[in-house]
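Engineer: First the structure, which I've put down as structure tokens, then a few questions once you've had a look.
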Amino acid sequence: MNQKKFIAGEQRGTYLAPELLTEADILNMAQKLARRRLAKGRVINQPELAFEYLQTLLQHYEHEVFGVVFLDNQHRILGFEELFRGTIDAASVYPREVVKRALTYNAAALILVHNHPSGNPEPSKADTSITLRIRDALNLVDIRVLDHVVVGMEGCVSLATRGLI
């Protein structure tokens, strides 16, 4: 596939397209920009912005994907990984694997995220249950779960904001 490129505009955060772009080109660039915004070293000081980036990355999947943003003690991003892939309505998530990856990154905190291919970001009882299991497992090694964000085409829902963590 021919990768079309944007050119940086004169004002910060603006871009010019030197040729006609398709919707797929625009979505592809949005995903690249979202990945850049979740790059190592960036500070997450506005959770709402992180939610937007995560939504851009995960909303297009036709299957569930469970990922983690690993953070240091200053909430700087150490990395983002999609750890588990599931079916159209479920993904098997293993707290042990989340703990292993968090220790590999030497993370102090993390944000859990997964998508709902249905488009509705409303968390299920299973979402809350796995969040608490992961939180409890990570507590044993002094790693905090800051949030679990459920992504859908209709937006994002924060379990922390709802008091479910």
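Engineer: Just the residues that are β-branched (Val, Ile, Thr), more than 16 Å from residue 154 (Cβ to Cβ) and modelled with pLDDT under 85, please, taken from segment 43-73.
Structural biologist: 43, 44
Engineer: Exactly one condition in (1) among the hydroxyl-bearing types (Ser, Thr, Tyr); (2) part of a loop (DSSP other than H, G, I, E, B); (3) free of Cβ contacts under 8 Å to residues at least 24 places away in the same chain is false for residue 118; which is it?
Structural biologist: Of the numbered conditions (1) among the hydroxyl-bearing types (Ser, Thr, Tyr); (2) part of a loop (DSSP other than H, G, I, E, B); (3) free of Cβ contacts under 8 Å to residues at least 24 places away in the same chain, the odd one out for residue 118 is (3).
Engineer: Continuing with this model, one more query. Just one of 138, 103, 112, 57 is in contact (Cβ under 8 Å) with a residue 24 or more places away in the chain, surrounded by fewer than 16 Cβ atoms within 10 Å (Cβ to Cβ) and outside any loop (DSSP other than H, G, I, E, B); which is it?
Structural biologist: After applying the criteria, what remains is 103.
Engineer: Right, something else. Going by the conditions given, is residue 86 in the same structural domain as residue 52 (by TED's automatic domain parsing), out of contact with any His (no Cβ under 7 Å at 6 or more places or on another chain) and surrounded by fewer than 20 Cβ atoms within 10 Å (Cβ to Cβ)?
Structural biologist: So residue 86 does not fit the description; no.
Engineer: Tell me which residues, restricted to segment 50-66, are touching a helix residue (DSSP H, G or I) at 6+ places or on another chain (Cβ under 7 Å) and either over 15 Å from residue 32 (Cα atoms) or polar (S, T, N, Q) (or both).
Structural biologist: Scanning segment 50-66 gives 56, 65.
Engineer: Return yes when residue 92 is hydroxyl-bearing (Ser, Thr, Tyr), assigned to a loop (DSSP other than H, G, I, E, B) and within 23 Å of residue 137 (Cβ to Cβ) and no when it is not. Walk me through how you get there before you give the answer.
Structural biologist: Numbers: hydroxyl-bearing (Ser, Thr, Tyr): yes; assigned to a loop (DSSP other than H, G, I, E, B): yes; within 23 Å of residue 137 (Cβ to Cβ): yes.
So residue 92 fits the description; yes.
The values are calculated or read from the model by the stated rules, or taken from the named source; none is laboratory data. Keep in mind that this is a model prediction, so the values were computed, not measured. Glycine gets a Cβ as well: all are built from the backbone with ideal geometry, and neighbour counts include every protein chain shown.
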